[in-house]
Amino acid sequence: MTALQPDVPPIAFFDGHYYKLLSVPGKWPTVCIDGIQMHRTVRMDPETDALKKVEALRPRIHDIVLDVCTGLGYTAITLAERGCRVVTLEKDPNIMRIARANPFSQPLFDRSTESFPPEPGRIKLIMGDAAETVRTFGPGLFDAVMHDPPRFTIAESLYSAAMYAALFRVLKAGRWMLHYVGNPHRRHPKYKNIIPNMMRRLRDAGFDVMEPVEDIECLRVRKPSR
């Protein structure tokens, strides 16, 4: 990241929910929906978070990578910069409206392609419900999966048994998925069973190895080799 930062435009509007592009001093901005930040900004800035997630996933150059929940595009951009072929899914057109105005999101559109799968270093952006879209992909299409949904209390369906089964089907055998799980148990004791239940559903879907990546609040899980 260079010392000279582009200006972050003041963006805030209401369209069913209240959306705001939030500046993070000296860092990439985040987006808030109804006051809830979509990136951590305490002890971890959005750029570092994206870099660490890609490092934890360990994709190979030219891998076809599924990125679930585009957001401002930071993870998709970072994957593409590593030479991956990125297919990224986003449901909310208002998030894309903000991304198009955010200077730090511009590589998402500069690297955009209509090809499927995309070429190395390019990004295929698909607008639509992630759970429904994943079911349209062929089995074993993806070399890696970045499953980065909003927190469980916002997008419970993206942590469901059906979603995990769909992601398991489209991931190649012997390859990995990085799954953001957050830390709901720290917010309230009533959420203490959320992550154990996620892990149970992941095992039921067929994933075997589960490695916590604590600094980015993720699980790294593997589809067994045949």
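The values are calculated or read from the model by the stated rules, or taken from the named source; none is laboratory data. Quick caveat: nothing in here was measured; it's all calculated off a predicted structure. All Cβ positions, glycine included, derive from the backbone under ideal geometry; neighbour counts span all protein chains shown. We work out accessible area using only protein heavy atoms, side chains counted, and drop any ligands, DNA or RNA first. Shrake-Rupley method; radii C 1.70, N 1.55, O 1.52, S 1.80 Å.
Tabulated results
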quantity	calculated
Alpha-carbon spread of the chain, three principal axes, descending order, Å	50, 45, 33
Where the chain is the region considered: accessible area per residue in Å², 1.4 Å probe	48
Over 24 Å (Cα to Cα) - which of LYS27/LYS53; LYS192/LYS223; LYS52/LYS124; LYS20/LYS192 fall in this group	LYS192/LYS223; LYS20/LYS192
Options ILE36, PRO103, ILE194, ranked by Cα towards positive dipole end of the chain, top entry (Cβ charges)	ILE194
Gyration tensor (alpha-carbon) shape descriptor, the range 29-120, a/c threshold 1.5	oblate
Relative contact order computed over the range 28-172 (Cα-Cα under 8 Å; 6+ residues apart), in percent	23
Selected from THR75, SER115, VAL221, residue furthest toward positive end of dipole (the chain; charges at beta carbon)	VAL221
Listed residues ALA144, ALA205, ALA76, most fluctuating in the chain (Gaussian network, C-alpha, under 10 Å)	ALA205
Kirkwood hydrodynamic radius (C-alpha pairs) into Stokes-Einstein, the range 141-226, 4 °C and 1.567 mPa s, D in µm²/s	100
Extended-chain gain in nm, criterion 0.36 nm per residue less alpha-carbon gap, ILE154 and VAL209	17.1 nm
For the chain, built as a Gaussian network whose Cα springs stay under 10 Å, the top-fluctuating residue of THR88, THR30, THR136	THR136
Rounded accessible area of LYS172 (nearest 10 Å², 1.4 Å probe)	80
The range 1-151: antiparallel DSSP beta bridges as a percent of all, rounded to 5	40
